[in-house]
Amino acid sequence: FESGHVPGFFRLFDIEQELSALLDGRKVDLRTPEDLSRYFRDRVVALAEVQYVRG
């Protein structure tokens with residue numbers, strides 16, 4: 001995604017399906033920070049790491 005871009009619900013669903021197919025049907029859950037519980041959101045966001053950067 002472009003820096004600062006948050007994908008919409010339908011795009012997240014598409015990505016989940018694609019990842020699930022790549023992982024032999026394993027369930028994949030993708031969430032935006034707003035989807036996370038306020039009780040642990042800040043910690044999750046602080047620990048998040050970029051996994052891929054388009055070159």
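Looking at the chain, which trypsin sites (Lys or Arg not before Pro) are DSSP coil and have at most 15 other C-beta atoms within 10 Å of their C-beta?
Passing sites in the chain are ARG26, LYS27, ARG31, ARG38, ARG54.
Whats the longest run of the chain with zero GluC sites (Glu not before Pro) that are DSSP loop and have at most 10 other Cβ atoms within 10 Å? Working shown, then result.
On the way: sites that count: GLU2, GLU49.
No qualifying site falls inside 3-48, the longest such stretch.
Helix 9-22 sits at what angle to the longest principal axis of the chain, using alpha carbons and giving 0 to 90 degrees rounded to 10?
For 9-22 against the chain, the angle is about 50 degrees.
Per q in 0.26, 0.27 Å⁻¹, report the Debye log10 I(q)/I(0) for the chain, using one uniform scatterer on each alpha carbon and no solvent.
Log-scaled intensity ratios, in q order: -1.22, -1.22.
What distance in nm separates the simple spin-label points at GLU2 and ASP35, each placed 7 Å from Cα in the Cβ direction?
2.2 nm
Taking the Cα centre of segment 10-55 as origin, work out the dipole magnitude from +1 charges on Lys and Arg Cβ and -1 charges on Asp and Glu Cβ, in debye rounded to 20. Before the final figure, lay out the partial values.
Numbers: 8 positive and 9 negative charges, 30 e Å.
With Lys and Arg at +1 and Asp and Glu at -1, about 140 debye.
Just name one of VAL45, THR32, PRO7: the one whose Cα is farthest towards the positive end of the charge dipole of the chain (beta-carbon charges, Lys/Arg +1, Asp/Glu -1).
VAL45
Measure off 7 Å from each Cα along the Cα-to-Cβ vector at GLU18 and VAL45, then give the distance between these two points in nanometres to one decimal.
With each label placed 7 Å out from Cα toward Cβ, I get 2.5 nm.
What are the chymotrypsin sites (Phe, Trp or Tyr not before Pro) within the chain that DSSP puts in a loop, where the Cβ has at most 16 other Cβ atoms within 10 Å? Before the final figure, lay out each step's value.
Values: sites: PHE1, PHE9, PHE10, PHE13, TYR39, PHE40, TYR52; in loops: PHE1, TYR39, PHE40, TYR52.
Hits after loop and neighbour filter: PHE1, TYR39, PHE40, TYR52.
In segment 1-30, whose amide N lies under 14 Å from the spot 7 Å out along Cα-to-Cβ of TYR52? List them in ranges.
1-2, 12, 14-23
All of the numbers you see were taken from the coordinates with simple rules; none came from a lab. This one's a predicted model, so the numbers in the text were calculated from it and none came from an experiment. Glycine also receives a Cβ, built like all others from the backbone with ideal geometry; neighbour counts cover every protein chain displayed.
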